Amino acid sequence: MVLIIPPPHIHVKSSDGEFTITIKDRLIEGKTSSRTIKIINAFMDEHEDELMRLWDKVQRGEKINKINR
């Protein structure tokens, strides 16, 4: 059996699309505007440590609350 674990990432829903973005490398899967990406990158820059703590909680099976911006 092969276990594939995705890199730490967040799911983003905005008025112009839905996408995932990795926390460390900022690789994007999905579609959205460059403006939204700029806003999300700025948010992630400011909150990267918190996002990684939340990722770790999810990996342990703990429930987290949605982050609303």
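The values are calculated or read from the model by the stated rules, or taken from the named source; none is laboratory data. Bear in mind the structure is a predicted one, so any value in this text is a computation, not a measurement. Don't worry about glycine lacking a Cβ; one is built from the backbone with ideal geometry, like all the others, and counts go over all protein chains shown. Protein only, heavy atoms only, side chains kept; ligands, DNA and RNA dropped before computing areas. Shrake-Rupley method; radii C 1.70, N 1.55, O 1.52, S 1.80 Å.
Only one residue in I64, I39 is open to solvent by less than 80 Å² (accessible area, probe 1.4 Å) and part of a helix (DSSP H, G or I). Which one? Working first, answer last.
Working: I64 fails: part of a helix (DSSP H, G or I).
Going through I64, I39 in turn, just one is open to solvent by less than 80 Å² (accessible area, probe 1.4 Å) and part of a helix (DSSP H, G or I): I39.
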- [ ] Among the residues of the stretch 42-57, write down those that are aliphatic (A, V, I, L, M) and either touching a His at 6+ places or on another chain (Cβ under 7 Å) or surrounded by 12 or more Cβ atoms within 10 Å (Cβ to Cβ) (or both).
- [x] M44, L51, M52, L54
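If a residue has to be surrounded by 15 or more Cβ atoms within 10 Å (Cβ to Cβ) and either of a type in the set (G, A, S) or in a loop (DSSP other than H, G, I, E, B) (or both) to count, how many in the stretch 1-36 make the cut? Quick ask: steps written out before the conclusion?
Initially, the stretch 1-36 is screened for residues surrounded by 15 or more Cβ atoms within 10 Å (Cβ to Cβ), giving 8-10, 12, 14, 19, 21-23, 28, 32, 36.
If we keep only those that are either of a type in the set (G, A, S) or in a loop (DSSP other than H, G, I, E, B) (or both) as well, we get 8, 14, 23, 32.
Matching residues across the stretch 1-36 total 4.
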TODO: Go through (1) touching a Ser or Thr at 6+ places or on another chain (Cβ under 9 Å); (2) of a type outside the set (F, W, Y); (3) without any contact (Cβ under 8 Å) to a residue 12 or more places away in the chain one by one and return the number of the condition L3 breaks.
DONE: (1)
